[in-house]
1. From the backbone phi of region 33-44, what are the Karplus-calculated ³J(HN,Hα) couplings (6.51 cos²θ - 1.76 cosθ + 1.60, θ = phi - 60°) in whole Hz, Gly and Pro given as x?
2. Working out 0.36 nm times the residue gap between Glu86 and Ser64, then minus their Cα-Cα distance, what length gain in nm do you get to one decimal?
3. Apply the Karplus curve 6.51 cos²θ - 1.76 cosθ + 1.60, θ = phi - 60°, to the phi angles in region 3-19 and return the couplings in whole Hz, x for Gly and Pro.
4. Using a 7 Å offset from the Cα along the Cα-to-Cβ direction at both Asn37 and Ile135, what is the distance between the two label points in nm, to one decimal?
5. What is the spin-label model distance, in nm, from Leu20 to Asp46 if the labels are put 7 Å beyond Cα along the C-beta direction?
Amino acid sequence: MLAFDFGTRQIGVASGQKLLKTANPLTILKAKDGIPNWSQLQKLIDDWMPNQVLVGLPLNMNGSESQFCLRARKFGRRLHGKYGVEVAMVDERLSTFTAKDQYQTKNQRYKYKKILVDDIAAVLILETWLADQSIGVKP
């Protein structure tokens, strides 16, 4: 299975194993205004052959939907339309913040603005869903 941390400039990707409940960072795809290189994404889908993919849903802290949720949902619908995979949206509040915090803890020479942690954020999205699979919602 694959998980995506959607962004307008890059999209983090993690791979996971539902049976073993494991998740690993896979890659960070470049995006232009939220649009990835679809051929790169096609290669990931072909290589991993997921039955289901997860897309992070950037809810506000109070649980309401942010304006950015519309874009993440659109990305999820495009994944479903282009590749025929089932898509579940997963609450990703603070996933990027947590990923940067985890990276900083492990690496003393951390440059906050220069490090990309979108793939680690995708791991957190996947781990959240693996812990409670009832939380995924349709795009």
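1. Going residue by residue, I get 6, x, 9, x, 6, 5, 5, 5, 5, 4, 4, 4 Hz, with x marking Gly and Pro.
2. On the way: separation 22, 0.36 × 22 = 7.92 nm, distance 2.38 nm.
Stretched fully, the Glu86-Ser64 segment lengthens by 5.5 nm.
3. Karplus values, whole Hz, x for Gly and Pro: 10, 10, 9, 6, x, 7, 10, 8, 10, x, 10, 10, 10, x, 10, 4, 5.
4. If labels sit at Asn37 and Ile135, their model points lie 3.2 nm apart.
5. 2.5 nm
Any read-out appearing in this document is the output of simple, stated calculations on the displayed coordinates, not a laboratory observation. These numbers were taken from a predicted model, which means no experiment stands behind them. Positions of Cβ are generated from backbone atoms using ideal geometry, with glycine treated the same way; all protein chains shown enter the neighbour counts.
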